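Asks: Got a structure for you, questions after.
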Amino acid sequence: MELVPVIGLEIHVQLKTKSKMFCFCDNSGETKPANTCVCPVCLAHPGTLPVANKQAIAWAAKTALALNSEIKEYSKFDRKHYFYPDLPKAYQISQFDQPIGTGGYLWVLNPTTQEEEKVSINRLHLEEDAAKLLHTNTKGSSLVDYNRGGTPLMEIVTEPDIKTPGQAKLFLQELRQIIKYLDVSDADMEKGHLRCDANISLHPVGEEKLYPKTEIKNLNSFKMVEKALEYEISRQTKLWLEGNPPKDLTTRGWNDAKAITEEQRTKEEAHDYRYFPEPDIPPIHFNIKPGSQCSDKEISIDVECLKAEIPELPNPKRKRFMSEYDINYDEAKLLTEDKETAGFYEAVISELKAWIEDLDQPQGKKYTWEQNRPQLTKLASNWVINNLLPLLAQKQISISDMKLSAENMAELITKIFTKEINNTSAVQILPEMVKSGAEPSELIKDQNLGQISDSKELEAIVKAIIKANPKPVEDYKKGKQAAIQALVGQVMAQTKGKADAEIVLELLKNNLNS
Ligand SMILES: [Zn+2]
């Protein structure tokens, strides 16, 4: 029997608004001492009233638009009841039948087939987070930190049309990147800003019917999502083959140390949440008609304004980078990983154009932006990806914190391209440029790194090296081509790495072959 997995995801994203969802408490409670970001509203004192955070609603709607979801004219909050110490009101303010966003989809690239696959989204709604329970080792006692209670949480639910654990991981990575581009959450999975529950069931090939699903709770890394789903596929396959497929909806937790899922509860314990409309918060009104007037009576948000605020998203940006800068998918992916890196690269390109156009052209050489554009954009991409980003990662500096300007980076690339300095020297001065913001021309002058590409000067050195090294010369003349590299090395050592290696090789060949 061949079985096919059916996977759906539920993702919770903590929004980074200044205040909480329904009160004015500081929303950065995770960095503050326990129970210091609390007030009568989020502690559910009797007689207090919630006030919805307009920024959180706008950000949720903006995310919904970025996920191609539909925003309807009205949305509302509902009470979802359950009794637990992390929820002082004994109900959570969430959304039931009128979420912020309905439907939607994301394209995810399948790295094996290089084809884009659509993952459909069911809905996006807004709710408040519960408090944090700390289970101590002391017998029978648990502590509650209400700092997290009432913080704004966006829940995104996909349709069950994810086909593999790998696709689930890629979808999550794409989603996280979009959220970071929109700047609505730090989306740090380790800190729990982005948490994922995965639903999975199997069915025999050819059958349309959906079987009872298993929900795997609180997966806090991309790798965990993939591993937990792979484990569930093998566990459920075994049950199917034994003639005993899962009959009820069950909830399981991922045990990372043991790399297994463990049963937490079954259907009998499933909640009846008794949803009903939250009477203390007016409905949300979205102006979906362009140019319509805002009403003061309801929470009103202009959808056209939100659309205008959405930046170019990762997927279209990657595609544009590939066509505009002649780079491949992997390069485009690395350069668009975050908005700052992408912005820096594009600023370098625009400065590079200015540098090339203003260049004092060396004799006999003519560089133009039009003719050399593909080589230049590619060289800039190589330098950002292979030299700058690893250096920043090593020094733990972000693009926005470094002192290196796009103009100076472009100047360095221009000097490499026109062979004013060689790669070795450029690699040598880059850290200083990042650290102090120094101009490459100054560093080249100070450290005497200018590349020697004057043939006459090099010719004399080449002749001397040939004379002083009879062994490799003899080897080369006997046909051992590689022996010439030893001579190139000698010239480079003599010139402290400043010689133009291509010219050196050419001069050596001319001298040895004549
Ligand atoms: Zn509060």
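Asks: Give me the dipole magnitude in Debye, nearest 20, for region 377-514 about the Cα centre, with unit charges on the beta carbon: positive for Lys and Arg, negative for Asp and Glu.
Replies: 600 debye
Asks: Still on this structure, I have one more. Return one number: the angle in degrees, 0 to 90 and rounded to the nearest 10, between the long axis of the Cα atoms of helix 369-383 and the longest principal axis of the Cα atoms of the chain.
Replies: Helix 369-383 and the main axis of the chain meet at about 70 degrees.
Asks: Work out, in µm²/s and without decimals, the Stokes-Einstein translational diffusion coefficient of region 397-514 at 4 °C, 1.567 mPa s, Rh from Kirkwood over C-alpha pairs. Mind dumping the intermediate values first?
Replies: Numbers: Rh = 15.7 Å.
Stokes-Einstein gives a translational diffusion coefficient of 83 µm²/s.
Asks: Taking neighbour counts of Cβ atoms within 10 Å as a proxy for exposure, in what order, fewest first, do 42, 305 appear?
Replies: In increasing order of surrounding Cβ atoms, one gets 305, 42.
Asks: Taking the Cβ of residue 156 as the centre, find all other residues whose Cβ is under 10 Å away and add up their charges (Lys, Arg: +1; Asp, Glu: -1).
Replies: Computed value for this residue: -1.
Asks: Relative to the longest principal Cα axis of the chain, at what angle does helix 483-494 sit, 0 to 90 degrees, rounded to 10?
Replies: 90 degrees
Asks: Here is a further query. With an 8 Å cut-off on Cα pairs and a minimum separation of 6 or more residues, tell me the relative contact order of region 124-226 in percent.
Replies: The normalised contact order for region 124-226 reaches 20 percent.
Asks: Right, here's the next one. In Å³ and rounded to a whole number, note down the convex hull volume per residue for the Cα atoms of region 1-160.
Replies: 194 Å³
Asks: May I ask you to evaluate 6.51 cos²θ - 1.76 cosθ + 1.60, the Karplus curve with θ = phi - 60°, for each residue of region 500-507 and list the ³J(HN,Hα) values in order in whole Hz, giving x for glycine and proline?
Replies: Taking θ as phi minus 60°, the curve returns 7, 4, 5, 5, 4, 4, 4, 5 Hz for region 500-507.
Asks: Taking Rh as the Kirkwood radius computed over C-alpha pairs, what is the Stokes-Einstein D of region 347-458 at 4 °C in a medium of viscosity 1.567 mPa s, expressed in µm² per second?
Replies: 89 µm²/s
Asks: Across the Cα atoms of region 154-258, what radius of gyration and what greatest pairwise Cα-Cα distance (Dmax) are found, in Å?
Replies: Here Rg and the maximum Cα pair distance are 14.9, 49 Å.
Asks: In whole Å and largest first, what semi-axes does the C-alpha gyration tensor of the chain yield when each eigenvalue is scaled by 5 and square-rooted?
Replies: They are 58, 29, 22 Å, listed largest first.
Asks: Based on other C-beta atoms within 10 Å, arrange 355, 240 from fewest to most.
Replies: 240, 355
Asks: Treat every Asp and Glu Cβ in the chain as -1 and every Lys and Arg Cβ as +1, leave all other atoms uncharged, and give the resulting dipole magnitude about the Cα centre to the nearest 20 debye. Before the final figure, lay out the partial values.
Replies: Working: 65 positive and 76 negative charges, 233 e Å.
The dipole magnitude comes to about 1120 debye.
Asks: Now, a different point. Relative to the first principal axis of the alpha-carbon coordinates of the chain, what is the inclination of helix 314-325, with its axis defined by its Cα atoms, in degrees from 0 to 90 and to the nearest 10?
Replies: 20 degrees
Asks: Which percent, to the nearest 5, of DSSP beta bridges fully inside the chain are antiparallel?
Replies: 85 percent
Asks: Arranged by the count of other C-beta atoms within 10 angstrom, fewest first, what order do 208, 420 take?
Replies: With the fewest neighbours first, 208, 420 line up as 208, 420.
Asks: Kirkwood hydrodynamic radius, computed over distinct alpha-carbon pairs, for region 191-249: how many Å, to one decimal?
Replies: 12.5 Å
Asks: Please pull out the direction-averaged projected area of region 271-411, using the convex hull of its alpha-carbon atoms, in nm² to one decimal place.
Replies: 16.1 nm²
Asks: How high is the relative contact order of the chain? Use alpha-carbon pairs under 8 Å, at least six apart in sequence, and give a whole percent.
Replies: Reported relative contact order: 13 percent.
Asks: When the helices in the chain are scored as -39500 (n - 2.57) per DSSP H run of 4 or longer and the sum is shared across all residues, what 222 nm value do you end up with, to the nearest 500 deg cm²/dmol? Mind dumping the intermediate values first?
Replies: Values: 16 runs with 198 residues, N = 514.
Here the helix-only value at 222 nm equals -12000 deg cm²/dmol.
Asks: Identify, among 253, 426, 468, the residue whose Cα sits farthest towards the positive end of the charge dipole of the chain, taking +1 on the Cβ of Lys and Arg and -1 on the Cβ of Asp and Glu, with the dipole about the Cα centre.
Replies: 468
Asks: Whole angstrom only: what separates the Cα centroid of region 197-249 from the Cα centroid of region 433-490?
Replies: The two parts, judged by their Cα centres, are 62 Å apart.
Each reported figure results from applying straightforward, stated rules to the coordinates on display, with no laboratory input. Note that the coordinates shown come from a computational prediction; the quantities given were computed from them, not determined experimentally. Reconstructed Cβ throughout: ideal geometry from the backbone, glycine too, with neighbour counts over all protein chains shown.
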